[in-house]
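Every read-out reported here was derived from the displayed coordinates using simple, explicitly stated rules and does not represent laboratory data. The structure displayed is predicted, hence computed values, not measured ones. When we count neighbours, we look across all protein chains shown, and the Cβ atoms used for this are built from the backbone with ideal geometry, even at glycine.
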Amino acid sequence: MSDELEGFRNETREWLENNCPEGAREPGFIPWGSSKIELSPDTRLWLERMADKGWTVPTWPEKYGGAGLSKSEYLVVQEEMQRIGARPPLTGRGVNYIGPTILEFGTDQQKVKWLPRFARGDGGWCMGYSEPAAGSDLANLQMKAVDEGDVYRLNGMKIWTSDGVYGDWIFCLVRTDPDKPKHEGISLVLVNMDQPGVRVQPIRLVSGNSPFCETFFEDAFAHKDDLIGEVNHGWSVGKRLLQYERSVHGGVNTSGAQVKQEGPSLVNIARQYMGVHNNQIADGAFRDRLLRLEMNSHSYRLTQRRVIAETQASAPALATSILKVKGAEFTKERAEVQQHAMGMRGFAWEDDSFTPDENETNKNWLTTRAVSIYGGTSEIQKNIIAKRVLGLPD
Ligand SMILES: Cc1cc2nc3c(=O)[nH]c(=O)nc-3n(C[C@H](O)[C@H](O)[C@H](O)COP(=O)(O)OP(=O)(O)OC[C@H]3O[C@@H](n4cnc5c(N)ncnc54)[C@H](O)[C@@H]3O)c2cc1C
């Protein structure tokens with residue numbers, strides 16, 4: 001490592017030691033900008049301090065609220081945060097999805113208007129892509145946007161809107177020209193969710209949670225100034241946004257704060273629940289499964305670092321689908337291995353005779369079923385890899 005980078009590491013370490021509040025040095029809630037969610041004092045302080053330093057979006061230019069860090073410096077900040085167990089100060093679709101998209105496709109006015117707000121966590125963003133008849137076949141979307149001078153009048157419906165009840169803003173793919181072929185005539189617009197024409201209906205899941213919603217647009221409005229990219233050319237802008245999303249799931253986006261919170265140590269869990277023999281987890285077959293998972297996860301992390309170092313843009317174009325598919329596999333396997341280690345105590349369901357961690361394990365397992373669906377299913381990612389990476393025929 002160069003002397004310069006070593007110096008940067010020392011400064012970073014010292015600054016983090018002095019400025020990361022105790023309450024932000026443990027797993028916990030990571031703000032995503034929603035004005036409808038109250039933050040604990042330490043979480044708010046951490047967000048404000050990091051935003052002042054430009055480290056909520058370390059690689060963005062300073063004039064847009066970032067710190068203009070290089071990839072190597074970015075990785076140093078991530079490592080130093082991990083060293084003290086610091087949570088990311090900010091996450092979400094603002095800094096991670098629509099922010100980098102505006103950085104790439106927005107006008108100067110749009111960048112000045114929106115990016116500093118994203119960087120400070122001022123406003124929580126939802127994603128309005130999927131519709132009942134447009135999931136994997138996203139280009140089939142039907143939500144209408146009719147040109148009315150300074151505004152677009154919006155009518156239609158989105159589904160699976162994550163965090164819909166807490167959202168302040170939503171970016172939507174809409175049909176601005178219904179007469180063109182389906183991949184054309186689509187545009188990307190930013191919509192204020194706090195207006196009479198936007199209605200959000202939570203969807204209740206088997207887990208009892210309602211993490212996502214149906215969102216109805218009934219004569220809602222979007223300002224024309226808030227159309228990102230060219231009108232009717234939103235398909236390529238929207239696809240690029242999906243690459244930003246997938247690169248977050250794959251852990252290689254350098255736009256936002258990307259320190260992943262480490263899950264519980266599976267070795268410790270297994271030692272506790274399965275017992276220890278000759279100072280080893282007692283079950284040999286389980287040891288083998290755990291070892292394979294940890295080796296794969298380690299090579300995955302090394303690959304992420306290599307991809308970050310090698311790509312110019314903050315979201316790699318080709319590797320995102322590969323990393324998303326593999327990342328989803330490892331996330332699911334991790335949840336299954338944890339359940340395997342805990343035996344029947346890993347299958348608890350809101351039962352007082354189980355510990356809170358045991359009760360969480362089953363819900364976590366259920367939640368991880370979704371990782372190979374959101375952001376585009378694994379089957380769709382494999383289609384993309386076949387066509388775009390391997391160059392196979394349709
Ligand atoms: C937890 C979660 C959060 C989400 N949050 C959001 C959100 O905030 N905003 C948003 O817009 N959307 C969101 N989604 C929706 C998500 O993007 C869609 O579920 C996903 O794109 C799949 O679409 P679908 O559900 O309509 O399934 P379908 O497209 O109907 O697919 C059904 C099955 O068929 C397979 N399939 C379909 N087409 C093909 C093909 N060509 N080749 C091979 N297999 C195929 C799929 O892989 C899948 O297994 C979320 C989903 C989940 C699970």
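Using a Förster radius of 51 Å, what is the FRET efficiency between Asp225 and Ala285 based on their Cβ-Cβ separation? Nearest 0.05, please. Spell out each step's value before the answer.
Values: r = 61 Å, r/R0 = 1.19.
According to the calculation, E is roughly 0.25.
Please compute the net charge surrounding Asp147, taking Lys and Arg as +1 and Asp and Glu as -1 over other residues with Cβ under 9 Å from its Cβ.
+1
Report, for the chain, the % of DSSP beta bridges that are antiparallel, rounded to 5. About 85 percent, rounded to the nearest 5.
Checking the table Lys158/Lys239; Lys144/Lys382; Lys63/Lys144; Lys36/Lys239 against a 24 Å threshold on Cα-Cα, which pairs fail? Before the final figure, lay out each step's value.
On the way: Lys158/Lys239 17 Å; Lys144/Lys382 30 Å; Lys63/Lys144 35 Å; Lys36/Lys239 29 Å.
The pairs that break the limit, which is 24 Å between Cα atoms, are Lys144/Lys382; Lys63/Lys144; Lys36/Lys239.
Please identify which residues in the stretch 159-187 have an amide N closer than 20 Å to a label point set 7 Å out from the Cα of Ser136, following the Cα→Cβ vector. The answer is 159-161, 182-183, whose backbone nitrogens lie closer than 20 Å to the label point. In this label model, Glu294 and Ala313 are separated by 3.8 nm, measuring between points 7 Å along each Cα→Cβ vector. Of the Cα atoms belonging to the stretch 339-382, the radius of gyration and Dmax stand at 13.7, 43 Å.
Hydropathy first: keep DSSP H helices in the chain averaging at least -0.5 on Kyte-Doolittle, then drop any whose Cα extent along the axis falls short of 30 Å, and list what survives. Numbers along the way, then the final one.
Numbers: long enough: 284-310 (39 Å, -0.72); 319-342 (34 Å, -0.45).
Length and hydropathy pass: 319-342.
Hydrodynamic estimate: the Kirkwood radius of the stretch 263-389 over Cα pairs, inserted into Stokes-Einstein at 20 °C and 1.002 mPa s, corresponds to D of 130 µm²/s. Tell me which residues come under 5 Å, amide H to amide H, from Glu131 once H is placed; ignore anything under 5 positions away on its chain. Distant-sequence amide H within range of Glu131: Ile159.
With R₀ set to 35 Å, the beta-carbon distance separating Gln82 from Val389 gives a calculated FRET efficiency near 0.70.
The residues neighbouring Pro41, those whose beta-carbon lies less than 12 Å from its own, together hold a net charge of -3 under the Lys/Arg +1, Asp/Glu -1 convention. Straight distance only, please: which lysines reach the Cα of Lys363 with their own Cα at less than 16 Å, same-chain residues fewer than 8 apart left out? The reachable lysines, counting only those whose Cα sits under 16 Å from Lys363, are Lys332. In this simple spin-label model, placing a label point 7 Å from the Cα along the Cα-to-Cβ direction at both Asp177 and Asn155 gives a separation of 2.1 nm. What the Cβ-Cβ distance of Asp352 and Lys53 gives, at R0 = 45 Å and to the nearest 0.05, is a FRET efficiency of 0.50.
Show me 138-147, 6-15, 49-58 ranked by packing, highest mean number of other Cβ atoms within 10 Å first. Please list the in-between numbers first.
Details: 138-147: 17.9, 6-15: 14.1, 49-58: 22.3.
Going by the mean number of other Cβ atoms within 10 Å, highest first, we get 49-58, 138-147, 6-15.
Computed over the stretch 125-234, the range of Cα coordinates on each principal axis works out to 42, 29, 20 Å, biggest value leading. For a modelled paramagnetic label at Ile373, 7 Å from Cα along Cα-to-Cβ, the residues of the stretch 309-334 in reach, with backbone nitrogen under 16 Å, are 328-329, 332.
As a test of the formula, what do you get for the chain when each DSSP H run with n ≥ 4 contributes -39,500 (n - 2.57) and the sum is divided by the residue count, at 222 nm and rounded to the nearest 500 deg cm²/dmol?
On the way: 11 runs with 159 residues, N = 394.
Roughly -13000 deg cm²/dmol at 222 nm, from the helical runs in the chain.
The calculated P(r) of the chain, using every Cα pair and 10 Å bins from 0, goes 5, 20, 30, 27, 13, 4, 1, 0 in percent. Average 1/r across all pairs of distinct alpha carbons in the stretch 3-95, invert it, and you get the Kirkwood radius: 13.5 Å. Near Ile203, the amide H atoms lying under 5 Å from its own belong to Phe212, Cys213, Glu214; only residues 5 or more places off or on other chains count, and H is placed 1.01 Å from N. Residues in the stretch 130-147 carry Karplus couplings, in order, of 5, 9, x, 10, 9, x, 4, 8, 4, 5, 7, 4, 10, 4, 9, 10, 9, 5 Hz; the curve used is 6.51 cos²θ - 1.76 cosθ + 1.60 with θ = phi - 60°, and Gly or Pro positions show x.
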